[in-house]
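Presented below is the structure to which this report refers.
The values are calculated or read from the model by the stated rules, or taken from the named source; none is laboratory data. None of the values given here were measured: they were computed from a predicted structure. Note that each Cβ is placed from the backbone with ideal geometry, even for glycine, and that neighbours are counted across all protein chains shown. In case anyone asks, the SASA skips ligands and DNA or RNA and just uses the protein heavy atoms, side chains included. Shrake-Rupley method; radii C 1.70, N 1.55, O 1.52, S 1.80 Å.
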Amino acid sequence: MENFEFYAPTKVVFGRGTESKTGSLVCEFAGKGSKILLHYGMGSVERSGLLDRVRSSLKESGIEFVELGGVRPNPRLSMARKGIEICRENGINFILAVGGGSAIDSAKCIGYGLANSGVDVWDFYCRKARPKACAGVGVVLTIAAAGSEMSESSVITNDENGNLKRGCSSDYSRPKFAVMNPELTATLPPYQTASGCVDIIMHTLERFFCVPHTSKINDELSAALIRVVMENAKILQRDPKNYDARAEIMWAGSLSHNGFTGDRFIGDWACHQLEHELSGMFDVPHGAGLSAIWGTWARYVLNADAARFAKLARMVFGISGKSVVDAALDGICRMENFFSDIGMPTGVSGLNIKPSQPQIQELARKCSFDGTRTIGAIKKLDEEDIRNIYTLASERD
């Protein structure tokens, strides 16, 4: 077993009706009588009545708040800058995100901007600087997907400069608390639920394909988490209101990205890096973009660690009695079949986009940081490899 660090300080309040505790949690972490930024998305939290319940809880606890709604999927830097300005004008140093990964990541970006004066917040995402602090962030989660409610990471799209999509990871940004009521996810469209399930699985797979290989216990935990998500994703296809299935998936989303299944920094995050450029250019749903890329990536890197793919096939799908390569290929096919079964694409054309050759060149250039970096762990992928994967994935549905 390799040396590792595990740090997951977020207080989780999980279950039915837990959004009623939001005000008391803000008091606990921001202080009684504090003033906060209430940050949320495009309207579903308002239409569902959740936002009114959160407002009531805050008012009952004596918390003042200023609102900033309108966070979009693939959250924008311009919105975060607006939030930073509002917070500074109002003396605010705590952000409450109500929504999914987009609202949470935007809140984290605002937190970085507030707590690191004199540094442009984008510098943290393009790796010109490292944050030294982050304003407090709390979460009322509405989507099981990104795991940002317990993770140290956030991803922002720079709509001011070519829609570059970049991530920043720092323990400073881990939310102080996360309110997680699975009931809040019951009204999600099937496509969004399925996309979230893919994201959860991919957070786990990115850690499974690590260098050096992780411990047996992490492999077992990862395989179990993937199987549980797959099982409950199928249940939700038949019964979208099933509370227990929603709960299993919501908790799996947090465990998939809080370090529980392994150290992310030895994982293989090539698929996430590849997808970030796709959604930066075409604004596709993140989970769907991941499923569209994964099979092509898996086949492209297979020979670099076929035994690892075969192990995944045995542990998740129960495949036995085959050679290492045959088991590995069977496992890849079965994972893609699962994606298809829940309505997710297994190729870029399934996203209803068809990148041109110049666009593929641009995607590869951006993903490789203008040819200055490789991505991946089990196989290091340079700009040419990245271009090849985008090309191959674009030929598949």
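Annotations
- Test result for residue 330, within 22 Å of residue 222 (Cα to Cα) and open to solvent by 10 Å² or more (accessible area, probe 1.4 Å): yes
- Residue that is least open to solvent (accessible area, probe 1.4 Å), among those in region 32-63 that are more than 27 Å from the chain's Cα centre (by Cα) and of a type in the set (Lys, Arg): 35
- Being of a type outside the set (Asp, Glu), out of contact with any Asp or Glu (no Cβ under 9 Å at 6 or more places or on another chain) and part of a helix (DSSP H, G or I) is a property that residue 195 has.
- Assessment of region 366-375 against the conditions (under 24 Å from residue 308 (Cβ atoms), at pLDDT 95 or above, open to solvent by 20 Å² or more (accessible area, probe 1.4 Å) and not charged (D, E, K, R)) yields at least one matching residue.
- Leading residue by the ranking (surrounded by the fewest Cβ atoms within 10 Å (Cβ to Cβ)) among those in region 86-101 that are part of a helix (DSSP H, G or I) and in contact with a helix residue (DSSP H, G or I) (Cβ under 9 Å, 6 or more places away or on another chain): 88
- Just one of (1) open to solvent by 30 Å² or more (accessible area, probe 1.4 Å); (2) aliphatic (A, V, I, L, M); (3) in contact with a strand residue (DSSP E or B) (Cβ under 7 Å, 6 or more places away or on another chain) fails for residue 381. It is (1).
- Some residue of region 193-210 being surrounded by fewer than 21 Cβ atoms within 10 Å (Cβ to Cβ), over 14 Å from residue 259 (Cα atoms), touching a residue at least 12 places away in the same chain (Cβ under 8 Å) and out of contact with any strand residue (DSSP E or B) (no Cβ under 6 Å at 6 or more places or on another chain): no
- Residues of region 341-356 classified as open to solvent by 50 Å² or more (accessible area, probe 1.4 Å) and touching a Ser or Thr at 6+ places or on another chain (Cβ under 8 Å), total: 1
- Subset of region 248-261 [open to solvent by 20 Å² or more (accessible area, probe 1.4 Å) and assigned to a helix (DSSP H, G or I)]: 248, 251, 255
- Residue match in region 23-31 (condition: of a type outside the set (D, E, K, R), open to solvent by 80 Å² or more (accessible area, probe 1.4 Å) and closer than 22 Å to residue 257 by Cβ): no
- Conditions (1) open to solvent by less than 60 Å² (accessible area, probe 1.4 Å); (2) aliphatic (A, V, I, L, M); (3) under 23 Å from residue 209 (Cα atoms): number failed by residue 392: (1)
- Residue under evaluation residue 165, criteria (1) open to solvent by less than 20 Å² (accessible area, probe 1.4 Å); (2) in contact with a helix residue (DSSP H, G or I) (Cβ under 6 Å, 6 or more places away or on another chain); (3) at pLDDT 95 or above, criterion not met: (3)
- Residue 280 assigned to a helix (DSSP H, G or I), modelled with pLDDT of 95 or more and open to solvent by less than 20 Å² (accessible area, probe 1.4 Å): no
- Failed condition for residue 268, given (1) surrounded by 21 or more Cβ atoms within 10 Å (Cβ to Cβ); (2) under 26 Å from residue 11 (Cα atoms): (2)
- Screening the candidates 70, 118, 113 for the property of being farther than 19 Å from residue 283 by Cβ, free of Cβ contacts under 8 Å to residues at least 40 places away in the same chain and open to solvent by 10 Å² or more (accessible area, probe 1.4 Å) yields one hit, 118.
- Subset of region 387-397 (residues that are of a type in the set (A, V, I, L, M) and either farther than 16 Å from residue 295 by Cβ or touching a Gly at 6+ places or on another chain (Cβ under 7 Å) (or both)): 393
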